[in-house]
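Values in this text are rule-based calculations from the coordinates and carry no lab data. All values derive from a computational prediction rather than experimental measurement. All Cβ positions, glycine included, derive from the backbone under ideal geometry; neighbour counts span all protein chains shown.
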């Protein structure tokens with residue numbers, strides 16, 4: 001019994017250390033992104049107002065998409081906690097790379113879109129109006145909402161847990177569509193965020209593999 005107790009305590013301790021490391025990687029990456037996102041408006045010139053495409057017009061506005069939009073703040077930590085540990089550092093560094101490049105883009109090419117005014121009384125309306133009131137009107141292209149979502153879902157992909165992978169992918173797609181439904185972003189921003197995530201993810205993976213080979 002004593003041996004089993006020690007083994008159980010060791011497992012619990014190791015598990016807690018693993019969770020702490022994952023959360024540390026998450027916070028470092030997320031804070032770096034937040035710093036770039038928040039500081040960019042102080043260095044921007046007059047923004048360019050983006051024009052909706054036919055794809056944006058084909059996706060109707062819905063204030064109820066606010067719930068999916070905000071679930072972004074849930075899927076991020078979930079993916080960091082369930083992803084293979086070897087992907088966690090990659091996810092964190094990809095966050096930082098995406099945040100840096102997006103911040104540069106926000107300054108060099110500042111953009112904005114017109115937000116929809118909603119007065120219909122409902123919980124979703126209140127939630128939507130709070131999002132509009134607290135977020136900046138700029139920093140549209142590329143969408144970091146999309147970029148970070150793509151990175152974490154990508155990092156959490158696991159063939160051994162195919163059902164979880166499929167659910168996370170569907171959840172990620174819903175979040176990406178919600179940015180257009182809420183008129184927080186346009187399809188152009190969505191594609192910019194997707195390409196940013198893929199490009200940075202590939203580069204970071206390559207660099208980490210190179211460093212790993214050198215250390216060996």
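Note on residue 170 and residue 78: their simple-model spin labels are 1.1 nm apart, each label 7 Å out from Cα toward Cβ.
Across 77, 121, 110, mean-square fluctuation computed from a Gaussian network of the chain (C-alpha pairs under 10 Å connected) peaks at 121. Does anyone have the angle between helix 123-134 and the longest principal axis of the chain? Alpha-carbon axes, 0 to 90°, nearest 10? Here the helix axis deviates by roughly 90 degrees.
Mean sequence separation of contacting Cα pairs (under 8 Å, at least six apart), scaled by the length of region 13-215, corresponds to a relative contact order of 32 percent.
Extending 7 Å from the Cα toward the beta-carbon at both residue 120 and residue 38 defines two label points whose distance is 3.4 nm. When the chain is treated as a Gaussian network with alpha carbon springs shorter than 10 Å, the biggest mean-square fluctuation among 178, 122, 38 belongs to 122. What's the center-to-center distance, using Cα atoms, between region 183-201 and region 84-146 in Å? Rounded to whole Å, the Cα centres lie 10 Å apart. Let me know the shape class of region 8-83, please: from the alpha-carbon gyration tensor, a ≥ b ≥ c as square roots of the eigenvalues, rounded when a/c is under 1.5, otherwise prolate if a/b is greater than b/c, or oblate. In terms of gyration-tensor shape, oblate. Let me make sure I get this right: for region 48-155, a, b and c are the square roots of the gyration tensor eigenvalues over alpha carbons, sorted descending. Under 1.5 in a/c it's rounded, otherwise prolate if a/b > b/c, else oblate. Which is it? Judged from the Cα gyration tensor, region 48-155 comes out oblate (a/c at least 1.5, b/c at or above a/b). Which FRET efficiency, nearest 0.05, do residue 21 and residue 213 yield, Cβ-Cβ r, R0 22 Å? Calculated value: 0.45.
Computed over the chain with a Gaussian network model linking Cα atoms closer than 10 Å, the most mobile of 149, 165, 45 is 45. For region 129-198, relative contact order (Cα pairs under 8 Å, six or more residues apart, normalised by length) works out to 51 percent. A full extension of the chain between residue 134 and residue 70 corresponds to an added length of 21.8 nm, given 0.36 nm per residue minus the alpha carbon distance. For region 68-129, what class follows from the C-alpha gyration tensor (a ≥ b ≥ c being the square roots of its eigenvalues): rounded when a/c is under 1.5, otherwise prolate if a/b is larger than b/c, else oblate? Since a/c reaches 1.5 but b/c is at least a/b, the shape of region 68-129 is classed as oblate.
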